[in-house]
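K.L.:
Below is a structure I'd like to ask you about.
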Amino acid sequence: MEGYESDTYGEAFADVYDDWYRDLSDVSALVTLIDECSPGRTLCELGVGTGRLAIPLASHGFVVTGIDISSAMLDRLHAADHQQTITTVAGDMVDDMPSGPFDVVLIGFNTLFNLETQERQQACLNACSQALTPDGIVVIEGLTPPQQPDGGMVDDVSIRSMTATHVVLSISRHHGADQLLEGQFIEFSEEQGVRLRPWSIRYATIDQLDAMATAAGLQVTARFNDASRSAFDPANGRHLTVYSRSR
């Protein structure tokens, strides 16, 4: 998308993220899963955002470092983290990845796909692997696209929400050949007029993700539909995968 930069998403969505995506996943179940799978208490979350996951993890006893390139997102996190329990890094989650070592590296829902090339996604997984303790794990949440992405282009327009004084339209385009999904939420309100909220992801299939993980020296430890640990079904549309260092 022309004009779309690495911090565009965070700057556009910080003020509505907690409201719009509070039900994106079962946070309590995720905290429990990580607690049971982790060999220790040090954790780094990539794309930490407003602290939707990081703050509950810190409250559960994890020593959390969060990295995000969006200053607007980090401002929201700092305001919500009343006990100042989370160490934050303002920067790119590949080039500025903290060295650790961490017992857990968490990449929340579709965060890896915010990196818009396979090369950058591979570099991210390489950095995650290098930052782990010997028994550490990488936890990734994401969508599960078709194994063989459609090579065509598909546009979609729908209504996200609507009241008498407020409408949010969703406009998206799927570039199948490039495995790219991009779009805009266009928000109309009587009080604030028009607001654009652009987003863009480069998705990977499960097989591609596993291949990148293998190249980074990681192997699948567990895979579920989500943090509730229901049996993985590609048709479900999403996954939660736990990787560990290959031995």
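K.L.:
Report the residue count in the range 192-217 for those that are within 19 Å of the chain's Cα centre (by Cα), among the hydrophobic types (A, V, I, L, M, F, W, C) and assigned to a strand (DSSP E or B).
P.N.:
Of the residues in the range 192-217, 2 are within 19 Å of the chain's Cα centre (by Cα), among the hydrophobic types (A, V, I, L, M, F, W, C) and assigned to a strand (DSSP E or B).
K.L.:
On the basis of being among the hydroxyl-bearing types (S, T, Y), in a helix (DSSP H, G or I) and either closer than 20 Å to Q184 by Cα or not assigned by TED's automatic domain parsing to the domain that holds A222 (or both), does Y4 make the cut?
P.N.:
When the stated conditions are applied, Y4 does not pass them.
K.L.:
For the range 15-60: of the residues being closer than 16 Å to F109 by Cα and among the small types (G, A, S), which is modelled with the lowest pLDDT?
P.N.:
S25
K.L.:
May I pose another question? Looking at (1) closer than 18 Å to W20 by Cα; (2) surrounded by 10 or more Cβ atoms within 10 Å (Cβ to Cβ); (3) of a type outside the set (V, I, T); (4) over 20 Å from the mean Cα position of the chain (by Cα), find the lone condition where S172 falls short.
P.N.:
Here S172 meets the rest and fails (4).
K.L.:
Another one. Tell me, which residue of the range 223-240 that is part of a strand (DSSP E or B) and in contact with a Lys or Arg (Cβ under 8 Å, 6 or more places away or on another chain) is farthest from C37 (Cα to Cα)?
P.N.:
That would be H239.
K.L.:
Output the number of the condition that D81 fails; it satisfies all remaining conditions of (1) modelled with pLDDT of 95 or more; (2) farther than 20 Å from C124 by Cα.
P.N.:
(1)
K.L.:
Where the second residue is of a type in the set (A, V, I, L, M) and modelled with pLDDT under 95 and the first is closer than 12 Å to D81 by Cβ and lies in the range 47-61, which pairs have Cβ atoms under 8 Å and are six or more apart or on separate chains?
P.N.:
Going by the 8 Å Cβ cut-off, the qualifying pairs are R52/L24.
K.L.:
Let me ask something additional. Is it the case that the range 187-194 has a residue that's buried (at least 18 other Cβ atoms within 10 Å of the Cβ) and under 19 Å from I140 (Cα atoms)?
P.N.:
no
K.L.:
Does F109 meet the test of being of a type in the set (F, W, Y), surrounded by 22 or more Cβ atoms within 10 Å (Cβ to Cβ), within 23 Å of G142 (Cβ to Cβ) and touching a strand residue (DSSP E or B) at 6+ places or on another chain (Cβ under 8 Å)?
P.N.:
Judged against the criteria, F109 is not a match.
K.L.:
Give me the residue from the range 33-57 that is part of a helix (DSSP H, G or I) and surrounded by fewer than 21 Cβ atoms within 10 Å (Cβ to Cβ) and, out of that set, farthest from the chain's Cα centre (by Cα).
P.N.:
So, considering only residues that are part of a helix (DSSP H, G or I) and surrounded by fewer than 21 Cβ atoms within 10 Å (Cβ to Cβ), the one farthest from the chain's Cα centre (by Cα) is E36.
K.L.:
Just checking, how many residues over the range 96-133 are at pLDDT 95 or above and either part of a helix (DSSP H, G or I) or of a type in the set (D, E, K, R) (or both)?
P.N.:
18
K.L.:
Of the conditions (1) surrounded by 17 or more Cβ atoms within 10 Å (Cβ to Cβ); (2) out of contact with any Phe, Trp or Tyr (no Cβ under 6 Å at 6 or more places or on another chain); (3) of a type in the set (V, I, T); (4) within 25 Å of A14 (Cβ to Cβ), T163 satisfies every one except a single condition; which number is it?
P.N.:
(1)
K.L.:
Of all the residues that make up the range 180-212, how many are under 24 Å from E11 (Cα atoms) and in contact (Cβ under 8 Å) with a residue 12 or more places away in the chain?
P.N.:
Qualifying residue count for the region: 20.
K.L.:
Test V139 against the criterion of being in contact with a Ser or Thr (Cβ under 8 Å, 6 or more places away or on another chain) and either of a type outside the set (D, E) or free of Cβ contacts under 8 Å to residues at least 12 places away in the same chain (or both), and give yes or no.
P.N.:
In short, yes.
K.L.:
Given (1) of a type in the set (V, I, T); (2) within 14 Å of the chain's Cα centre (by Cα); (3) more than 19 Å from V242 (Cα to Cα), where does T87 come up short, assuming only one miss?
P.N.:
Here T87 meets the rest and fails (2).
The values are calculated or read from the model by the stated rules, or taken from the named source; none is laboratory data. Note that the coordinates shown come from a computational prediction; the quantities given were computed from them, not determined experimentally. Note: ideal-geometry Cβ built from the backbone for every residue, glycine included; neighbour counts use all protein chains shown.
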